[in-house]
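> The structure under discussion is supplied below as structure tokens; questions concerning it will follow.
The values are calculated or read from the model by the stated rules, or taken from the named source; none is laboratory data. Note that the structure is predicted; figures quoted are calculated from it, not measured. Note: ideal-geometry Cβ built from the backbone for every residue, glycine included; neighbour counts use all protein chains shown. Each accessible area value is taken on the protein alone, full model and side chains, heavy atoms only, with ligands, DNA and RNA left out. Shrake-Rupley method; radii C 1.70, N 1.55, O 1.52, S 1.80 Å.
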Amino acid sequence: MAAKFQPIGVFDSGYGGLTILKEFIQAMPNYDFIYLGDNARAPYGSRSFEVVYEYTLQSVEKLFEMGCNLVILACNTASAKALRTIQQNDLPKFSQNKRVLGVIRPAVESIGQFTRNGHVGILGTVGTVLSNSYPIELEKWAEGKVLKTTQEACPIWVPLVENNEIDSPGTDYFVEKNIRNLIAADPEIDSIILACTHYPLLLPVIKKFVPEGVKILEQGKVVSASLVEYLKRHPEIDEKCSKSGIVKYYSTESIDVFEKNATTFIGKELKGEKLTLK
Ligand code: DGL
């Protein structure tokens, strides 16, 4: 009998989660994955708590229906605004074996490897910043390694990436402006968390404006290392993840549009399927 297809679900509001999936595939090439991008309703960054929660829950339910037992919210905004409610209120309604994890906690837990003086900067969407999830989680999980957290919302960065404006002077202008604001708010910042899936694509521009010596934490690598560790600690979940190296891509947007733009984020061509959420 063929093994059951039980992929790890990777959810994002759109394309950005592909930067996280790329790292998962590299770290865990034998696992099966389903990527779901809610591109038709993206961006989530400026949406209300209620709406981000509703959309994220629909996607998680869909991924469970498709055979996933473990779903990663690869989107910071969804992790900030929906993860806790889903874990506390919704998961108990599903089978006991289902799990949903986010991207904030792994970044927070690894900050000790980056900061030396405890002054941390967060760059994220308006939604992530307003949720205060990073300061709250840093206080809880960074084991006293963080003294001060300063946040800066960068609402223009996602549209710049999505419109392929990475190399334009306009992008330099906005990236410099947001980084200046962040550093002006706390000149002692020695580490910055890129708290949005899209920002690693802006890394060459970000590096131009971040003061020398300031470390930059990209999420993809820390989140994938943390997933590998999680599955080692939870063999009961690991055995519910099938391992044939199959990766499937779904989007709520027209699939031609998704396939065309996805390449920028994952660095290769892919074939996807359109999916409708309720
Ligand atoms: N994926 C989102 C995040 O990481 C960025 C894109 C959006 O606003 O939907 O916050």
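> Accessible area, 1.4 Å probe, largest first: how do LYS148, LYS93, LYS240 sort?
Result, largest first: LYS93, LYS148, LYS240.
> Another question, then. Would you work out what percent of the accessible area of the range 153-278, with all protein chains in place, is carbon or sulfur (probe 1.4 Å)?
Of the solvent-accessible surface of the range 153-278, carbon and sulfur hold 52 percent.
> Here is a further query. Using a 1.4 angstrom probe and counting only protein chains, how large is the accessible area of LEU130 in Å², to 10?
The accessible area of LEU130 comes to roughly 130 Å².
> GLN113 label point, 7 Å along Cα→Cβ, cut-off 18 Å on backbone N: hits in the range 7-28?
So the set is 20-28.
> Return the long-range amide H neighbours of ILE216 (sequence gap of 5 or more, or a different chain), with a cut-off of under 5 Å between placed amide H atoms.
When sequence neighbours closer than 5 places are left aside, the close amide H contacts are ILE192.
> Here is a follow-up. Return the loop-located GluC sites (Glu not before Pro) in the range 174-278 (DSSP other than H, G, I, E, B) with at most 13 other Cβ atoms within 10 Å of their own Cβ; answer none if there are none.
GLU188, GLU212, GLU239, GLU269
> I'd like the distance separating the alpha-carbon centroids of the range 23-71 and the range 95-172, in whole Å.
18 Å
> Taking θ = phi - 60°, what integer Hz values does the Karplus form 6.51 cos²θ - 1.76 cosθ + 1.60 yield along the range 150-165, in sequence order, with x for Gly and Pro?
Rounded to whole hertz, the list is 10, 10, 9, 7, 10, x, 8, 5, 4, x, 5, 5, 5, 9, 6, 9.
> Now for a separate question. Could you order the peptides 106-114, 66-74, 158-166, 139-147 from most to least packed, using the average number of other C-beta atoms within 10 Å per residue?
66-74, 106-114, 158-166, 139-147
> Let me ask something additional. Out of GLY267, GLY45, GLY127, any idea which swings most in a Gaussian network model of the chain, alpha carbons joined below 10 Å?
Looking only at GLY267, GLY45, GLY127, the largest GNM fluctuation is found for GLY267.
> With every protein chain left in place, what is the accessible area of ARG84 in Å² (1.4 Å probe, nearest 10)?
120 Å²
> How much accessible surface does ARG116 have with a 1.4 Å probe, in Å² rounded to 10?
150 Å²
> Something else about it: Ordering LYS232, LYS22 by accessible area with a probe of 1.4 Å, largest first, what comes out?
From most accessible down to least: LYS232, LYS22.
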